[in-house]
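J.: Have a look at this one.
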Amino acid sequence: MITSQRKLMAMFIGLVGLAVVISAVTAERSLRSDQIAQVEASLLDRARLVHDRLDGIAFTGENSLRLDRIADRTAEAGGMRVTLIGPDGTVLGDSRVAFENLARTDNHRNRPEVRAALAGELGEDTRRSETVGQELLYLALPAEGQGVVRVAVALSGFESARAALRRRFVLLASAGLLISILLSYLIARSALRPIREVRRVAAAVARGELNERPPLSDGDELGEISNAIRDIASQLRGRLEDATQEKEQLRAVLESMVEGVLVLDAEGVVLLANSQFRTFYDVRGEIAGRPLLEGIREPDLHALLRQVEVTDGIVSSTLTRGAPERTLRVQAARFPRGNLPRAGSVAVFHDISELERLEEIRRDFVANASHELRTPLTAIQGFAETLLESELTPEDQRSYIEIIDRHARRLGHIVRDLLAISTVETGKWRIEPVQLDISEIAQNLVRDFEPRARDAQLALTFEAEGQTEAFADPRILEQILTNLLANAIKYTEAGDRINVRVEGKPDRVRVAVSDTGIGIPEEAVARIFERFYRVDKARSRSAGGTGLGLSIVRHLVQRSGGEISVESRLGKGSTFSFGLPKAPPPEDDPS
């Protein structure tokens, strides 16, 4: 990059160099002109002397030898070349050519100086002689014998003088250029110093360093520029502070939103994408400044954005993506609205996956609860109407009343379990964990269930291993084990066995309730903890099950900071196991 200082120096040096060259050329030409004028005057005198020595000798071929000798003598005396030429241009004598070679010399009639002399005028010319191989100055004088006397001298001496003059000029020019370079550097540096300072401050302001100030310079254009830069820096600083504050506020709002926000320009390049949007589409890192197609390949999303480009209103759609499946409600629009050219598009993404899941659970719950409640209600209503409208024997009346009582109890169990699971799911079930011995509570419950196990002809055993103290709520632990044991007794055939095992692990206590009962089909294992889900519906209802026990167990275990799993093989039995933490979590809130 050529700086202003270099340009100024180059101009100054160029002017000096041009002046030196013009001076040198002018001096050289003037010297040459003066020298040639002096030589011409001297040659004219010499030519006249030669002419006087001829004594009227006719310029003919018979006098060629005589003329050649006169040319040799006068040339040697005058230190010049002498050529005597006849009226027809034939060379009759030449001091530089031997007499025997004169016949081979070219005719000189067309030589400029000879042609002028034959016309009766004084002729002159400067050129390189092919005969002697030097640059010569020729002067031709008309002779009385109707011929031409031509004299010439070499200009080599002039060239030496001119060469010396050139050398002196080169030395003077070099010295002048060196002085001009130094002076131009000093002048340019001094003249451009305030401009450099203003440029430095302007570059700093352009980089955002708004505290820089140019030097004050009043009364000239530079001072006006400095004042303008000061004003610009002050205004930019104020606007930048406002813009930064607004940007941070906008960023804080966008990053705290539970909705995803995407803003594109007219070319499909991402201008803004908040963290929630990147989470929705599993985007790692920042994608602002890149085309959306490079970061996200979702055909449904791109189709929606293409629709926005040609639509003036708000475009709404529901997109499903990801594993696990995520449902997004999208509202997108172009900006600006109206007939103005489109500058870009903005889209807002609402995650309605949980709402969809809850809606599906609600629908299933209503359907299942309605179905479960309808059966006992129908039975109670039917038998009650029969009792009211028919004449029955005391035995039939008692039988009908027992059926109504059984179904009423079942209805009560369903309502109780519904209230229990609702209380657990909404967090209203107060949990008060303490440090307790899991094996002691489990062993007591096994003793309580032994009569029921004997009545069902089942073997109920208990075993414990390791350190079994854990951090849990004893009421919830009893509820979990009660539901699991009751469930095992319901689905285990007579003659089989049930085992409760408590095992201390490094950070948890594992409790497993195993049976050798009917087992669970592989396709049903994943749904066994759903509300109202039964593997064998007829058997469950006959045993008094509501289909909510395992769902309640799962929620209670999770609320206690544990996890539950099931392993089962059809016809071989099932094992329900759950783990509870041995110590309270950091900053645990028992409520």
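Values in this text are rule-based calculations from the coordinates and carry no lab data. Bear in mind that the values here come from a model prediction, so they are computed numbers and not experimental data. Neighbour counts are summed over all protein chains in view; Cβ atoms, including those assigned to glycine, are modelled from backbone coordinates with ideal geometry.
J.: Just order 257-265, 479-487, 388-396 by mean Cβ neighbour count inside 10 Å, highest at the front, would you?
T.: 479-487, 257-265, 388-396
J.: Work out the FRET efficiency for residue 164 and residue 199 from their Cβ-Cβ distance, taking R0 = 45 Å, and round it to the nearest 0.05. Could the numbers behind the result be given before it?
T.: Working: r = 49 Å, r/R0 = 1.09.
Once rounded, the FRET efficiency stands at 0.40.
J.: Let me ask another. What distance in nm separates the two pseudo spin-label positions at residue 101 and residue 76, each 7 Å out from Cα along the beta-carbon direction?
T.: In this crude label model, residue 101 to residue 76 measures out at 1.8 nm.
J.: Then there is this: What distance in nm lies between label points placed 7 Å from Cα along the C-beta direction at residue 408 and residue 303?
T.: The two pseudo-label positions are separated by 5.9 nm.
J.: With Kirkwood's inverse mean 1/r over C-alpha pairs for Rh, give me the Rg to Rh ratio of segment 227-324, two decimals please.
T.: Reported Rg/Rh (Cα atoms, Kirkwood Rh): 1.11.
J.: Sort 273-286, 70-83, 460-473 for me by packing, meaning the mean count of neighbouring Cβ atoms within 10 Å per residue, highest on top.
T.: Per-residue Cβ counts within 10 Å, averaged per peptide and sorted highest first, yield 70-83, 460-473, 273-286.
J.: Mind running the shape call on segment 68-121? Use the C-alpha gyration tensor, a ≥ b ≥ c as the square roots of the eigenvalues: rounded below 1.5 for a/c, prolate if a/b tops b/c, oblate otherwise. Please report the intermediate quantities before stating the final value.
T.: Numbers: a/c = 2.42, a/b = 1.36, b/c = 1.78.
The shape class here is oblate.
J.: Calculated FRET efficiency, residue 389 and residue 486, Cβ-Cβ r, R0 30 Å, to nearest 0.05?
T.: For residue 389 and residue 486, the calculated efficiency is 0.20.
J.: Taking 56 Å as R0, compute the FRET efficiency from the Cβ-Cβ separation of residue 22 and residue 69 and round it to 0.05.
T.: Computed FRET efficiency for residue 22 and residue 69 comes out at 0.65.
J.: Mind ordering 488-497, 513-522, 236-245 by average Cβ neighbours within 10 Å, highest first?
T.: The peptides rank, most packed first, as 513-522, 488-497, 236-245.
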